[in-house]
Every structure is written in structure tokens, then in C-alpha cells.
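Enquirer: One structure is given below, represented as C-alpha cells, and several questions about it will come after.
Any read-out appearing in this document is the output of simple, stated calculations on the displayed coordinates, not a laboratory observation. Note that this is a predicted model, so its numbers are computed, not measured. Quick reminder, even Gly has a Cβ in these numbers, built from the backbone with ideal geometry, and neighbours come from all protein chains shown.
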Amino acid sequence: MRIARVELIPLRLPLRRVLTLPRGASRSLEEGKRLLLVRVQTEDGRVGWGEASPSRRWSAETLESALTSLQHYLVPSVIGRDPRDLAGLHAAMDQELAPGFDRGQPIAKAALDFACHDLAARAEGIPVQAMLGRREPGAIALAYLVSAPTPDDAVRQVTEAQAAGYQAFKVKVGGHAPAHDVAVVRAVAAATAGATLSVDANQGYDAGSAREAARGFEALGLRVFEQPIAATDWEGLRALRKATRMTIALDEAAMSLPVVEELLRQELATGIVVKVAKLGGLHHARQVLDLCRARDVMLLGSGLMDAPLTLAAGLHAFAAAGIDFPCDLNGPQFIAEDYLPEPLPVKDGTLAVPARPGLGWEPDPTRIDRFRQSVSA
């Protein structure tokens, strides 16, 4: 089985609302959710689907950079390769676009990784989850993302989420004074008594403000504080670790297996946030998941407002790793319509891991045509 053809399909999906991070809006409603579907076909006609779904105000990749990276370097490097040889696939891609602290255009590489996992699992007649670890089907609890400027706005979002059955919440903090953020989180905690609650600063504090905020969050009974300060401020992380009993979970800093190994060696984190696209795909995400499980480090699953194929990859990986803390897979919260023939089966704040072979979900040709866009590379 050899890869014979790769098709790249740019899409724009409409959004129902905009996600605001400490640095500002992640994108506009007019921009929508822009992504690149990747269809890999083998010489014998087998097909696998993947997706590059960058978030340009979270990482350095864009739809245009993913398209050119795939067109000019990554796709030519994998033509003729066996899609089941995932280590060989990544070695070939890394030969063309070299890894550094991250995997080197990881979101673009993840698109081919997802498609080859999808193709290989379909060929075996098994879900991708069965390739990665645990084989029993399951469901992932989702954390509803609360991003609000005031306590009252936050409570309104929580009330909406509770009506939809959500029982876990992640509150975006940072970008304000710690006292303001603590007040927002206090209002959410009061409105969600008994729910799982965490906070995510997306690097929004300096070291001193993060320590002050941690004291306030800890007093409210919160357990997890995600990426409080800049990914590069390792000394600030070291001081924060000593100043709080909260789990300091690193996301933007946890950009590749070697970096995660060093963060853990230096005891800068007690939790690691795994985004399958950020790590270059399921091949490398599995290595990070296995490392953290072996070190008894708390694992959190997350995404980048993912469309269905990246979302499915995360579901399979997190279920296989046995992650039980609610995962921030918030694509369904923000994306108004997608390319699947049926709506995502979110029920009471949970999402079942697709049980069909491969990633389990496949784009609908009619909806692909509906959302297709032209991109100047």
C-alpha cells in the first residue's frame, strides 16, 4: 500500500461566536474557521482524511502557510510511502521541514498524520483509538469554555451551557488584574457548584500577577491553573510552582516531546496539556501521552477550536490514554456549521468516541462544495 495522490481542499466554516483570549479575539466572525482538508489516496484506491486547522493568534501557522508547506514540501515527501509506516512518514516530513523546539510546521504535518492514521485504521477495520491504546469505546466529557469580560457575562454563559447539559467549565483569565479575574471565577464557581472548574491564562500574566491570581483561585478550591505565564519564562514557572499547591498545567510551552521531557525534568509543571495538532499529529501526541502517564503527570486534553477531523483525532487519543479530566475540545461550541453529513453527537456535555473504522467521521462532498474557498498561496 503506497500513497499515490494527496488532495488539498481549503474551507471556511461559519462561526456562531468569537473566542476571546487574553491577547484579544482569536479571529473575527467574518474570517470564520479557515482550514485545509487533506484527502490521501493510495495506489489501490484506499482513502484517508486529515485536516490542518491552524489558529493564527495562538501559534505561528496560518491557512496559507499550511497550504504552501504541504504543497511544496510535505506532500512530495510522502508520495510513494506506505501510510502505515507512521515513523517513516514523520522522518520524511522532518527531512523537508526541520523540527526545532516544536515539530516544524506541526499543524501542517498533523494533517498528513491524521489522514494516514485514518487510512491505516480503515485498512485494519478498527477505530484509530484501537491503534493508540485502549480498545473499548468510550465518551469524553467536554469542558465548556467561559470567556467573559464581567462576572455577570460569565454567569450568563454558564447558564446557557448548563441548559445544554455541561458539567465542566474552563474560564479564560489573564489580560486583567488578578482581582478582576478572581471575581469572574468566583461568580462562575457560585453558579456551578459541584461542577469541574479550571482556569486558563494563555500566558496572560506576568510571574507576580500569576502568583497573586493563584492564591485567589486556590482559595476558591480550584485545582488546575493552565499556562499562567509566558511559555519562555521558566524561572517564573519555577517560582510559581513553589508558591501554590495548584496543578500548573503547561500548554503553549509543551510544544514537543523533547521540550516536555525537559519541563518535567526541571519540575516546572505538574500537568501537561495535549493538543494533537500542536504536537504534529497522533504519532507524536501518543509519545507525549505515554511519557506523562509513565511519570504520573496530570494529562489534560485540548484543541484549537477544532473542526471535526482534528476533533476526532483528539477524542481517539484522549480516550486511548484514559484522560478523565474534562477536555477543552470547544469546536462544537463556536463552529456554527461543519462539513459532516450529520451534526456532531454532543449530548449532555459529552462526545462519544467515533466507533467506525478510522477516525470514524468523513466529510460530505456536498458540504465540502458549500464551504470551499480559494486561497492564494
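Enquirer: How much mean residue ellipticity at 222 nm does the chain get from its helices, if each DSSP H run of length 4 or more adds -39500 (n - 2.57) and you divide by all residues, to the nearest 500 deg cm²/dmol?
Expert: -11000 deg cm²/dmol
Enquirer: Sorted by average packing, counted as other Cβ atoms within 10 angstrom per residue and highest first, what order do 226-232, 311-317, 96-102 take? Spell out each step's value before the answer.
Expert: Values: 226-232: 22.3, 311-317: 29.0, 96-102: 15.3.
Output ranking for 226-232, 311-317, 96-102: 311-317, 226-232, 96-102.
Enquirer: What does the range 145-236 give for Rg and for Dmax, in Å, if only its C-alpha atoms count?
Expert: Values for the range 145-236 (Cα only, Rg and Dmax): 12.7, 42 Å.
Enquirer: Name the residue from Phe371, Leu35, Ala214 whose Cα lies farthest towards the positive end of the charge dipole of the chain, charges +1 on Cβ of Lys and Arg and -1 on Cβ of Asp and Glu.
Expert: With unit charges placed on the Cβ atoms, the residue in question is Ala214.
Enquirer: Moving on to the next point. For the range 330-377, what is one quarter of the convex hull surface built on the Cα atoms, given in nm²? List each step's numbers first, then the result.
Expert: On the way: hull surface 19.4 nm².
About 4.9 nm², averaged over all directions.
Enquirer: How are the alpha carbon pair distances in the range 113-193 distributed across 10 Å bins from zero to the largest one, expressed in percent?
Expert: Once binned at 10 Å, the Cα pair distances of the range 113-193 give 16, 32, 16, 20, 15, 1.
Enquirer: Tell me, what is the FRET efficiency for Glu30 and Arg245 to the nearest 0.05, using R0 = 56 angstrom and their Cβ-Cβ distance as r?
Expert: It comes out at approximately 0.80.
Enquirer: Still on this structure: Give me Rg/Rg_expected for the range 226-377, where Rg uses Cα atoms only and Rg_expected = 2.2 N^0.38 Å with N residues. Provide the component values of the computation, followed by the final result.
Expert: Working: Rg = 17.3 Å, N = 152, 2.2 N^0.38 = 14.8 Å.
Expressed relative to 2.2 N^0.38 Å, the Cα Rg reads 1.16.
Enquirer: Right, next: Return the subset of Lys109/Lys170; Lys33/Lys275; Lys109/Lys347 for which the Cα-Cα distance in this structure is over 23 Å, preserving the input order.
Expert: Numbers: Lys109/Lys170 28 Å; Lys33/Lys275 17 Å; Lys109/Lys347 31 Å.
Exceeds cut-off: Lys109/Lys170; Lys109/Lys347.
Enquirer: Bin by bin, in steps of 20 Å, what percent of the Cα pairs in the chain do you find, going until the bin that has the longest distance?
Expert: Cα pair-distance distribution for the chain, in percent: 30, 59, 10, 0.
Enquirer: Against the longest principal axis of the chain, how steep is helix 308-321, in degrees 0 to 90 to the nearest 10, with axes from Cα atoms?
Expert: 70
Enquirer: Oh, and also: Whole number please: convex hull volume per residue of the Cα set in the range 66-221, in Å³? Write down the numbers at each step before the final one.
Expert: Values: hull volume 27.0 nm³, N = 156.
Enclosed volume per residue, from the Cα hull, is 173 Å³.
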